[in-house]
Amino acid sequence: MTPKRWLIIAAAALITLLVWFGLYFHDIQKPQWTLERNMSQAAIQTGDISEVDELFMHVWESKTWIAEGEDENGRRSYVFLTGEGEPLFTVEAEDVMTEEDVRARFEAENANEPEIDMIRLQPGLLRESPVWEVYYSLIRDGVRRYYYQFYSFDRDADLIETYKLPAKTGP
């Protein structure tokens with residue numbers, strides 16, 4: 001076989017592999033995409049928002065979905081839904097400290113910790129009340145530990161609770 005034929009066969013094999021991987025990825029992700037689309041529609045059906053800008057899944061005591069979006073008048077709100085898509089309540093964004101302000105506050109409160117790394121900041125539900133959840137890691141004495149901190153979901157964003165995860169699990 002000539003080098004040109006080998007090149008054509010290799011290109012065809014590569015294209016076939018890429019198409020197969022794309023179809024496989026789509027098949028794996030389809031249930032998650034469908035669930036997210038259904039939760040977005042459930043949030044819009046509450047009538048509190050007309051467009052979902054961001055959707056969060058929060059799992060703590062139970063699975064909760066939080067949709068952030070705007071209504072027809074441009075007012076931003078957070079719609080909290082159960083894991084099944086039933087509405088729990090809506091919180092207007094003007095009544096809540098912004099995500100950027102919570103992030104800045106967390107960084108300011110921990111400015112003396114050079115080895116701290118915020119992994120995630122998102123709205124959530126703790127004891128049936130809306131909260132800001134901060135998931136972060138901190139290295140102390142050469143050991144990386146992980147923490148959850150919960151802040152009130154209002155203009156003050158007061159610290160409610162801190163959970164320290166074990167450094168090592170298992171036998």
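Quick notes on this structure:
- Cut-off 16 Å (backbone N to label point 7 Å along Cα→Cβ of residue 105), residues of segment 134-160: 134-135, 149-160
- Stretch in the chain that is longest and holds no trypsin sites (Lys or Arg not before Pro) that DSSP places in a loop and that have at most 12 other beta carbons within 10 Å: 1-126
- Our helix-only sum for the chain, with -39,500 (n - 2.57) per DSSP H run of n ≥ 4 divided by its residues, gives a mean residue ellipticity at 222 nm of -11500 deg cm²/dmol.
- Here 65, 60 are placed in order of increasing Cβ neighbour count within 10 Å, fewest first, which gives 60, 65.
- Cα gyration tensor shape of the chain, rounded if a/c is under 1.5, else prolate or oblate by comparing a/b with b/c: oblate
- For segment 99-164, the spherically averaged projection of the C-alpha convex hull amounts to 4.3 nm².
- The long axis of helix 3-45 is offset from the longest Cα principal axis of the chain by roughly 30 degrees.
- Neighbour-count ranking [beta-carbon atoms within 10 angstrom, fewest first] of 86, 133: 86, 133
- Modelled label positions at residue 89 and residue 144, each set 7 Å beyond Cα in the direction of Cβ, lie 3.7 nm from each other.
- Degrees separating the helix 99-109 axis from the principal Cα axis of the chain, which is the longest one: 70
- Ranked by how many other Cβ atoms sit within 10 Å of their own Cβ, fewest first, the residues 14, 35, 126 fall in the order 14, 35, 126.
- Based on Cα contacts under 8 Å between residues 6+ apart, segment 39-84 shows a relative contact order of 35 percent.
- Straight-line cross-link partners of residue 164 among the lysines, defined as a Cα under 23 Å from its Cα and at least 8 positions apart when in the same chain: 63.
Values quoted throughout were computed directly from the atomic coordinates according to the rules given, and no laboratory measurement underlies them. These figures come from a predicted structure and were not determined experimentally. Here Cβ is always computed from backbone atoms with ideal geometry, including for glycine, and neighbour counts include all displayed protein chains.
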